[in-house]
Amino acid sequence: MSITPQMGQQGQQQGQQFPTTSPYQQQGFGPQGGQQGFGMGAGSMEQLQQLGQQQPFQQLLQQLGGQQQQQQPFGQAQQQAQQAQQMERQVQQELTQLAQQVVQQIVQQVQAQALASGVANGFIDIVHPLQGQPQQIFLRINGQFRVLNNPGPQIHQQIQEAFAFGHQVIGVWDTQSPNVLRSVRIQRI
C-alpha cells in the first residue's frame, strides 16, 4: 500500500490534534524514516509523559488511583475477617474447655453421690393435693418416710397393687438428700 500526500497530510493533521501513540510512527516506520529497533526510545518515554498530562488520561489515572485506594479497604476488610476468624477459633476453644470442665464437675458430683435403697413397709398416697402442691407418695422405709414427687397415675396404681398383693416396693434415694426418692422399683416375688 502506498501513502498519498493527502493521507500523509491528514495523518499529520490528526497527529496535531491527537498525539499518536503508535510505536511505528515513533520508531521511524512512517513515511519519513528508515527502520529502527523495536524498543522504546527516549523520545517515546517523553511522549508518554506528555500524553499522561492530558485531561482524559489524567481522569483515567485518577480513576485507577481511586481503585487502588478502594482496594486498600478491601485489604483491611480481609485482615479484619482473618482477625474475626481467629477470635472465633479462640472462643470455640474456650467454650470447649469450659464444657469439658462442666462435664468433669458433673462426673465428680455423680461419682460422689452415694445411692441407697430400702424396702418400704407402708405408704401414704396423696391423691388430691392442695392447690399448687405436687402429687406425692410417701414410702415408709426403715421407719422413715421418704417422698416421691409428681408420680404418674400408673405409678400410683402399681404401688397400691404391690402393697395389696404383698410385692416388695423398693425406694432409691441419694444419701445427700435422703428424704427424697429418686426412683421406685416394684419386685414381684
Tally Lys and Arg at +1 and Asp and Glu at -1 over the other residues with C-beta under 10 Å from the C-beta of Gln168: what net charge comes out? +2
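Can you classify the stretch 113-189 as rounded, prolate or oblate using the Cα gyration tensor, where a ≥ b ≥ c are the square roots of its eigenvalues, rounded means a/c under 1.5, and otherwise it's prolate if a/b beats b/c and oblate if not? If you can, show how the numbers build up before the last one.
Values: a/c = 1.81, a/b = 1.05, b/c = 1.72.
Here the stretch 113-189 falls in the oblate category.
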Probe 1.4 Å, all protein chains present, accessible-area order of Leu181, Leu115, largest first: Leu115, Leu181
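The values are calculated or read from the model by the stated rules, or taken from the named source; none is laboratory data. The structure displayed is predicted, hence computed values, not measured ones. Neighbour counts are summed over all protein chains in view; Cβ atoms, including those assigned to glycine, are modelled from backbone coordinates with ideal geometry. Calculation scope for accessible area: heavy atoms of the full protein, side chains included, ligands and nucleic acids excluded. Shrake-Rupley method; radii C 1.70, N 1.55, O 1.52, S 1.80 Å.
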